[in-house]
1. Mind grabbing the accessible area of D168 for me, 1.4 Å probe, Å², rounded to tens?
2. Which order do you get for D209, D175 if you rank them by accessible area with a 1.4 Å probe, largest at the top?
3. Enumerate the amide H contacts of V182 below 5 Å, restricted to partners 5 or more residues apart or on another chain; note that Pro and chain-start residues carry no placed amide H.
4. From the protein chains alone at 1.4 Å, what is the descending order of accessible area for S180, S160, largest first?
5. If the label point is 7 Å along Cα→Cβ of K85, which residues in the stretch 167-182 have backbone nitrogen under 17 Å from it?
6. If I stretch the segment between L61 and I314 completely, what's the gain in nm (0.36 nm per residue apart, minus their alpha carbon distance), one decimal?
7. Provide the per-residue ³J(HN,Hα) series for the stretch 55-69, in order, calculated from phi with Karplus coefficients 6.51, -1.76, 1.60 and θ = phi - 60°, each as a whole number of Hz, with x at glycine and proline positions.
8. Compute the FRET efficiency between I95 and F141 as 1/(1 + (r/R0)^6), taking r as their Cβ-Cβ distance and R0 = 56 Å, and round to the nearest 0.05.
Amino acid sequence: MNGIHSSGPEPGTAAGAANPAECTEVVEPKEPVRAAPQKADESAPPPLVRAELQKTFVAMLFAFVAATVAQQLGEILVVATKAWKLANSAPDMLIAARGDGWLLVVASMHAMLALTMVTVSWFSWSLSQAAMHKSDVVTIFSRKFLIFLIEIFLVTLYFSLSKSAEADYAAYLKDGLTASFVKNPSARPEALQLLWVFMVFATWDYFVDVLRPFKWSRLRFHTPLNHLRRIVAFCGVSLFCASVAYVIGWATPASGGQPSQVIFGDIALILAVFLFIAAKPFEYFLARGMKKEMIGDVTLRERPTSLEKRRFWIILTLVLVCTFLTRNAPCLLG
């Protein structure tokens, strides 16, 4: 049939094997078996999440301090409006404040100082591009954890600053007298606490920007003189503002002063907070001429513009004027 046997093997082929002329099978090479990727431990959050949790914790402390200041401002409004009876008449509120010897203005300036310190610090901290804010706390025996503790201590100082006002709302509820609400007003406690704040700022700058990991390749740069130059360059602004706060505290009487002295003292302290921000661009001049090996990964500031220079000198002048008035014009609002 067609010259092809229907049974039996072809010559030269194994028994039972298919005829290669009739059927050819292409065998593709098999891919090597790959091990299944190991799944990451889902119970441990990634470093970014942990770092965000740390920042969230500090942000909650900021919110707590802000709530404390808001409560104080609410109490001051209750006293200023005589339990909201004068809320619709600003002239009557002004007459009542003058009749009380401007004591409510003193309490208000204390609260405004705390509010300014908290908001400015929160804004600067949240926008900080420091390397320590981009890394995660791996162990408590690390520089990052120490910096984390410094930040918590700073917010604690802000809370102490907000509670340093001489306002006693519980005493006011007993007799309804403004003299019971504000007793022995003085701006010296606030000045000393602001001094502490700026000193802690300098400590934070030291651990973040000055203290560098030791490397043998940079041995010739690890000298006491170079270390002192880094302290001046990166901690100089904080130390300068700390000295300003000290001078303001010296100019303000510890007790028995006139309300005008406290008001001008608080204004000077508020301006000192803004002076700190205005003086930061001048770190450019303090760090100018330092070699890259001395600076490390610290981001240097650009040369201050003419506007930034004018802003600094204007604020510094206002601080000096208010400090002078704190010392020499106690009866200006009498």
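The values are calculated or read from the model by the stated rules, or taken from the named source; none is laboratory data. As the structure is a prediction and not an experimental result, all values here were calculated from the model. Reconstructed Cβ throughout: ideal geometry from the backbone, glycine too, with neighbour counts over all protein chains shown. Protein only, heavy atoms only, side chains kept; ligands, DNA and RNA dropped before computing areas. Shrake-Rupley method; radii C 1.70, N 1.55, O 1.52, S 1.80 Å.
1. D168 exposes around 70 Å² with every protein chain in place.
2. Sorted descending by solvent-accessible area, the residues read D175, D209.
3. Amide H neighbours of V182: D168.
4. From most accessible down to least: S160, S180.
5. Answer for the stretch 167-182: 172-181.
6. Residue separation times 0.36 nm, minus the Cα-Cα distance, leaves 87.8 nm.
7. Result, ordered by residue: 5, 5, 4, 5, 5, 5, 5, 4, 5, 5, 5, 4, 5, 5, 5 Hz.
8. Approximately 0.35, to the nearest 0.05.
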